[in-house]
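I have placed the structure first, in the form of structure tokens, so that the comments after it can refer back to it.
The values are calculated or read from the model by the stated rules, or taken from the named source; none is laboratory data. As the structure is a prediction and not an experimental result, all values here were calculated from the model. A quick note on method: Cβ atoms are made from the backbone with ideal geometry, for glycine too, and the neighbour counts reach across all protein chains shown. Side chains included, ligands, DNA and RNA excluded: accessible areas come from the protein's heavy atoms. Shrake-Rupley method; radii C 1.70, N 1.55, O 1.52, S 1.80 Å.
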Amino acid sequence: MPDKGNQTSSKGRPVDSEKQALQKQKLLDAALALLSEKSFSEITIRELGKVAGVNSAMVSYYFDNKEGLFIALLDQLSDKEFSRLRDLHREKEPIKAVITFMLTMVNQNPGLMKLVHSEAMTPDSTLGAAMIERFPKRMAGLLPELIAGQQAQGKIRADINPKYAAFSLISLIVTPFIVTPIREQAWQITNQELNTPQWTEHIYQLFISGMTKGPAQ
């Protein structure tokens, strides 16, 4: 009886479901690794296969095309990252926890910001639309509710629009990564500095002071 783990179809496609899952994950890992080095448009299917250690034809077999592979990667990353936010409201300082979560996610996945630059800002980009659905829109559904909860507890001014406050907080967190060349060359603030407790505290204090102090008279 042939070894199930080594079974392949006549076209070199693995029949065993475990081997298929392994190959798919290798391609997803390769996509993430390459995205940290170059833009989506610069990555080739041949490179993906080489880095993954599988036949490049498997990209089309499993994901239809390169774009499908990267959309699957966004699905995986989004589900993984946002699963960490389920109990955020129980944190002693949930706003600071959001800041820590966002900074950790962006610092650990630099390729995500490359997709923001190359795809999310490009009109009619299917990959860009997928990026927006799986990250910004999910956060837009969670963060205003969290801020409203803080308002109900009297920790944030009641006259603040929760949606506006949430967008302002995300802007404080993400903008330094979007304007990387300006930040590094003009302000000499490194990526390493954006991954420190001091930077987290800086953003938190800027945000929370504006949300708790009364409006100017």
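Annotations
- Residues (touching a helix residue (DSSP H, G or I) at 6+ places or on another chain (Cβ under 7 Å) and either within 17 Å of Gln205 (Cα to Cα) or open to solvent by less than 50 Å² (accessible area, probe 1.4 Å) (or both)) located in the stretch 156-167: Ile156, Arg157, Ile160, Pro162, Ala165, Ala166
- Cβ separations smaller than 8 Å between residues 6+ apart or across chains give the following pairs from the stretch 42-62 residues that are within 15 Å of Leu32 (Cβ to Cβ) and assigned to a helix (DSSP H, G or I) to residues that are of a type in the set (Lys, Arg) and open to solvent by less than 60 Å² (accessible area, probe 1.4 Å): Leu48/Lys66; Val59/Lys66.
- Test result for Gln153, loosely packed, with under 12 Cβ neighbours inside 10 Å and modelled with pLDDT of 95 or more: no
- Looking only at residues in the stretch 73-126 that are within 26 Å of Glu193 (Cβ to Cβ), among the charged types (D, E, K, R) and over 13 Å from the mean Cα position of the chain (by Cα), the one that is surrounded by the fewest Cβ atoms within 10 Å (Cβ to Cβ) is Lys92.
- Odd one out for Glu67, checked against (1) exposed (fewer than 15 other Cβ atoms within 10 Å of the Cβ); (2) of a type in the set (Asp, Glu); (3) over 15 Å from the mean Cα position of the chain (by Cα); (4) not in a loop (DSSP other than H, G, I, E, B): (1)
- When Ile156, Ile160, Ile170 are screened for being in contact with a Ser or Thr (Cβ under 8 Å, 6 or more places away or on another chain) and β-branched (Val, Ile, Thr), only Ile156 passes.
- Residues located in the stretch 181-210, provided they are open to solvent by less than 60 Å² (accessible area, probe 1.4 Å) and touching a residue at least 60 places away in the same chain (Cβ under 8 Å): Leu194, Trp199, Thr200, Ile203, Tyr204, Phe207, Ile208
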